[in-house]
Amino acid sequence: MNKKAQAQIITTVLIILLVLAAIVIVWQVVQSTIESGAETIEGTAACIGIDLEIVLANFTSGEVTVTRLSGGDKDSVGDIRFLVAGSAVTPTSAPATGSDLEPLETKTWSGFTLDTGDKVEVAAILSDTDGTICNVMDNALAEA
């Protein structure tokens, strides 16, 4: 075999190895993207059917009353996340019966510092192992 033929064989083998390496690298990126997207979909899918409604946001008493409408898993809402004027806040007093909400149940949280016209938003925190936080489900303006 002459040296020119050997060089072509070596070049071909190296190109094949480079292509295989590129395929492996691209697959790792694509696979991690697909897996993280699937996890996000699983978490938010549990939020489907759950609906919360703010019945009252009272700035004088600092109370927010929330009703869970029908839908979703019976025991899936373990807590409520509150946002006031776009920032997450924690009430100083949760309902005596706990923060979980069953379908068609209404509870009042207190200890908020609210001003007239503050936008109050609510989102469900699921009682799953990850504590998935759903998107904002309702908003209301604080009133007297």
ask   = In region 11-69, how many are at negative phi and more than 26 Å from the chain's Cα centre (by Cα)?
value = 21
task = Filter region 73-87 for residues that are touching a residue at least 40 places away in the same chain (Cβ under 8 Å) and assigned to a loop (DSSP other than H, G, I, E, B) and give the result.
result = ASP75, SER76
query = Can VAL26 be described as outside the structural domain of THR106 (by TED's automatic domain parsing), of a type in the set (A, V, I, L, M, F, W, C) and surrounded by 10 or more Cβ atoms within 10 Å (Cβ to Cβ)?
reply = yes
key: Extreme residue, nearest to GLU39 (Cα to Cα), among residues of region 115-129 that are assigned to a strand (DSSP E or B) and β-branched (Val, Ile, Thr)   = ILE125
request  = Would you be able to tell me the number of residues in region 86-109 that are surrounded by 11 or more Cβ atoms within 10 Å (Cβ to Cβ) and over 19 Å from the mean Cα position of the chain (by Cα)?
outcome  = 12
key: Of all residues making up region 88-114, the number that are closer than 19 Å to CYS134 by Cβ and outside any loop (DSSP other than H, G, I, E, B)   = 6
request  = Taking the options LYS119, LYS107, name whichever one is of a type in the set (Lys, Arg), on the phi < 0 side of the Ramachandran plot and in contact with a Pro (Cβ under 8 Å, 6 or more places away or on another chain).
outcome  = LYS107
Check on ILE80, within 19 Å of VAL120 (Cα to Cα), within 18 Å of the chain's Cα centre (by Cα) and surrounded by 17 or more Cβ atoms within 10 Å (Cβ to Cβ) = yes
query = Is there any pair with a first residue in region 130-144 that is in a loop (DSSP other than H, G, I, E, B) and a second that is among the aromatic types (Phe, Trp, Tyr) whose Cβ atoms are under 7 Å apart and which are 6 or more apart or on different chains, and what are they?
reply = ALA142/PHE59; ALA144/PHE59
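The values are calculated or read from the model by the stated rules, or taken from the named source; none is laboratory data. Keep in mind that this is a model prediction, so the values were computed, not measured. All Cβ positions, even for glycine, are placed from backbone atoms using ideal geometry, and neighbour counts span all protein chains on display.
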